[in-house]
Amino acid sequence: AQSVTQLDSQVPVFEEAPVELRCNYSSSVSVYLFWYVQYPNQGLQLLLKYLSGSTLVESINGFEAEFNKSQTSFHLRKPSVHISDTAEYFCAVPRMDSSYKLIFGSGTRLLVRP
Amino acid sequence: GAVVSQHPSRVICKSGTSVKIECRSLDFQATTMFWYRQFPKQSLMLMATSNEGSKATYEQGVEKDKFLINHASLTLSTLTVTSAHPEDSSFYICSARAGTGTAEPEAFFGQGTRLTVV
């Protein structure tokens with residue numbers, strides 16, 4: 001069965017430090033991959049996506065993620081985090097039976113401390 | 001980008017009553033919308049797929065008589081939690097697929113509704 005694994009439930013870091021949020025997926029077919037961010041009591045916002053082409057994708061607020069097919073990973077990174085980056089981050093892949101239905105990882109809470 | 005609006009953002013209701021949650025696509029037509037449920041500190045679980053003009057498709061284990069879905073127009077889907085009980089308390093989030101011809105499986109999410117049943 002398809003699955004998305006986010007091994008870290010919470011990642012505490014100090015402001016301006018680098019961070020990596022890990023995501024591994026299971027799939028035997030070509031994949032699309034997404035990272036969503038959720039601020040408290042809000043819905044999800046698309047952070048970045050991999051559909052095809054360059055394996056390194058970037059967001060407008062400094063996050064980047066790299067699709068690694070051999071390791072079936074799509075880790076999210078940021079070289080220097082801000083307090084405002086504190087949020088829940090979800091990795092997601094479309095289901096095989098419908099590319100518009102998403103399977104989410106369990107989420108990683110990024111906690112940025114001053 | 002495409003905007004999805006969900007209303008209300010918070011609702012508290014008494015046990016046994018019904019609650020309706022609206023999901024609107026503001027600047028695009030959404031032939032398909034999705035309803036997710038999120039328990040505290042957990043991930044989102046797909047409840048059902050809402051198709052304009054036809055019956056919703058429910059995921060395994062989701063009670064269709066409990067969670068009524070209506071997708072009456074290309075911009076509006078509603079989720080009604082009938083005879084709500086405290087265990088229905090949760091965060092409900094909708095998402096919508098933009099257009100009918102896009103090949104990109106990107107979903108746009110509403111801001112969510114926090115339902116508390118007392």
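Pull up the stretch A:22-38, narrow it to residues that are within 14 Å of chain B (Cβ to nearest Cβ) and modelled with pLDDT of 90 or more, then point me to the one that is farthest from B:Arg10 (Cα to Cα).
A:Tyr25
Yes or no: B:Glu22 over 17 Å from B:Pro86 (Cβ atoms), within 12 Å of the chain's Cα centre (by Cα) and either loosely packed, with under 12 Cβ neighbours inside 10 Å or not β-branched (Val, Ile, Thr) (or both)?
yes
For the stretch B:1-45, enumerate the residues that are assigned to a strand (DSSP E or B), more than 14 Å from chain A (Cβ to nearest Cβ) and basic (Lys, Arg).
Matches in the stretch B:1-45: B:Lys20 only.
Could you grab me the full set of residues in the stretch A:33-58 that are touching a Lys or Arg at 6+ places or on another chain (Cβ under 7 Å) and in a loop (DSSP other than H, G, I, E, B)?
Hit for the stretch A:33-58 is A:Asn41, nothing else.
Test each condition in (1) at pLDDT 95 or above; (2) farther than 24 Å from B:Ser90 by Cβ; (3) not aromatic (Phe, Trp, Tyr) for A:Thr86 and report the one that comes out false.
(2)
Restricting the search to the stretch A:28-50, which residues are in contact (Cβ under 8 Å) with a residue 60 or more places away in the chain and surrounded by fewer than 17 Cβ atoms within 10 Å (Cβ to Cβ)?
Correct list: A:Val29 only.
Quick one: which strands (runs of 3 or more DSSP E) sit completely within the stretch B:47-118 and have at least 3 residues that are within 14 Å of chain A (Cβ to nearest Cβ) and in contact (Cβ under 8 Å) with a residue 60 or more places away in the chain?
Hits in the stretch B:47-118: B:90-97, B:107-109, B:113-117.
Would you be able to say whether some residue in the stretch A:96-108 is within 24 Å of B:Phe108 (Cα to Cα) and touching an Asp or Glu at 6+ places or on another chain (Cβ under 8 Å)?
Among the residues of the stretch A:96-108, at least one is within 24 Å of B:Phe108 (Cα to Cα) and touching an Asp or Glu at 6+ places or on another chain (Cβ under 8 Å), which makes the answer yes.
Scan A:Glu16, A:Glu66, A:Glu20 and give me the residue that is in a strand (DSSP E or B) and more than 27 Å from B:Pro40 (Cα to Cα).
A:Glu66
Any idea which of (1) basic (Lys, Arg); (2) closer than 26 Å to A:Cys91 by Cβ; (3) surrounded by fewer than 17 Cβ atoms within 10 Å (Cβ to Cβ) is the one B:Lys64 doesn't satisfy?
Condition (2) is where B:Lys64 drops out.
The values are calculated or read from the model by the stated rules, or taken from the named source; none is laboratory data. These figures come from a predicted structure and were not determined experimentally. Reconstructed Cβ throughout: ideal geometry from the backbone, glycine too, with neighbour counts over all protein chains shown.
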